[in-house]
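Visitor: For reference, the structure I am asking about is given below.
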Ligand SMILES: Cc1cc2nc3c(=O)[nH]c(=O)nc-3n(C[C@H](O)[C@H](O)[C@H](O)COP(=O)(O)O)c2cc1C
């Protein structure tokens, strides 16, 4: 379970904790990797940049420890806030540095073959925002096609959790961001309960496959 958020009291972390608990109930053992808490540096560096002439390159100790954690997992679940219709830099940098040449790709028998991946992205957009369909499609193309399947995963899917903000946001026809009133009280409880329920459905469906 890979969490990419800078606050441990975030909705993202809450969603990850619930997903982990759900998977534990389904019989999984969880390795929780909170990238920010563990101090992961998402910046590419010389030690971890791929050497296209040497797929056996020995990467940094930190990256090799992360590689081992992925090898040890049957299933990888990434939980993150959607930033600019993509993953936050923290998660992107983890993929850039750790899912590296000779390990995740570049072999006739990739080491991650057969693993399964669920990407749970929390998005501020409301479910009825026309931007959501395209956002989901972009995330599937980028994360499932461009990353997971490229690295030999047998299954990858994006669970997009809209309505992650307490103040609904959408663009009007002129491109102005309209930020609505914060929902409160019972309405707020219902909004978060619905998000929890949708997240649970994604996790249950994934676990059952
Ligand atoms: C830099 C940044 C970029 C964002 N980009 C998007 C976006 O492209 N689409 C979207 O629906 N929400 C976007 N959001 C809203 C976040 O997805 C939302 O704040 C987050 O999922 C809420 O979860 P959290 O409370 O755990 O941070 C963005 C937020 C930030 C800070």
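Visitor: With a 10 Å cut-off between alpha carbons and a GNM built on the chain, which of 174, 165, 189 moves the most?
Guide: 174
Visitor: Which one, 154, 86, 144, has the greatest fluctuation when you compute a Gaussian network model over the chain with C-alpha springs under 10 angstrom?
Guide: Answer for the Gaussian network model of the chain: 154.
Visitor: Let me ask something else. Could you bin all the Cα-Cα distances of the stretch 1-43 into 5 Å bins starting at 0 and give me the percent of pairs in each, rounded to whole numbers?
Guide: Calculated P(r), rounded to whole percents: 6, 24, 29, 21, 13, 6, 1, 0.
Visitor: Work out, step by step, the length gained on full extension between residue 178 and residue 46: first 0.36 nm times the residue separation, then minus their alpha carbon distance; give nm to one decimal. Before the final figure, lay out each step's value.
Guide: Details: separation 132, 0.36 × 132 = 47.52 nm, distance 4.31 nm.
Taking residue 178 through residue 46 to full extension adds about 43.2 nm, to one decimal.
Visitor: Then there's this: On C-alpha positions alone, give me the angle between the axis of helix 89-98 and the longest principal axis of the chain, in degrees, nearest 10.
Guide: 20
Visitor: Starting from the alpha-carbon convex hull of the stretch 21-67, give the projected area averaged over all orientations, in nm².
Guide: Numbers: hull surface 19.4 nm².
Its average projected convex-hull area is 4.8 nm².
Visitor: Also, quick follow-up: Under Stokes-Einstein, with the Kirkwood radius over Cα pairs standing in for Rh, what whole-number D in µm²/s applies to the stretch 101-209 at 20 °C and 1.002 mPa s?
Guide: Result for D is 135 µm²/s.
Visitor: Right, next: Using a 7 Å offset from the Cα along the Cα-to-Cβ direction at both residue 9 and residue 137, what is the distance between the two label points in nm, to one decimal?
Guide: Label-label distance for residue 9 and residue 137, simple model: 4.0 nm.
Visitor: Ignoring everything except DSSP H segments at least 4 long, calculate the 222 nm mean residue ellipticity for the chain; use -39,500 (n - 2.57) per segment, divide by total residues, nearest 500. Before the final figure, lay out each step's value.
Guide: Details: 5 runs with 69 residues, N = 209.
Rounded to the nearest 500, the figure is -10500 deg cm²/dmol.
Visitor: In whole angstrom, how far apart do the alpha carbon centroids of the stretch 138-170 and the stretch 80-99 sit?
Guide: Computed from Cα coordinates, the inter-centre distance equals 11 Å.
Visitor: Based only on Cα atoms, what mean projected area does the convex hull of the stretch 2-208 have, in nm²?
Guide: On the way: hull surface 50.9 nm².
Projected over every direction and averaged, the Cα hull of the stretch 2-208 covers 12.7 nm².
Visitor: Test of understanding: in a Gaussian network model of the chain with alpha carbons linked when under 10 Å, which of 13, 111, 188 would top the mean-square fluctuation ranking?
Guide: So, out of 13, 111, 188, the one fluctuating most is 188.
All of the numbers you see were taken from the coordinates with simple rules; none came from a lab. Being a predicted model, the structure only gives us computed values, none of them experimental. Cβ: placed from backbone, ideal geometry, glycine included. Neighbour counts: every protein chain shown.
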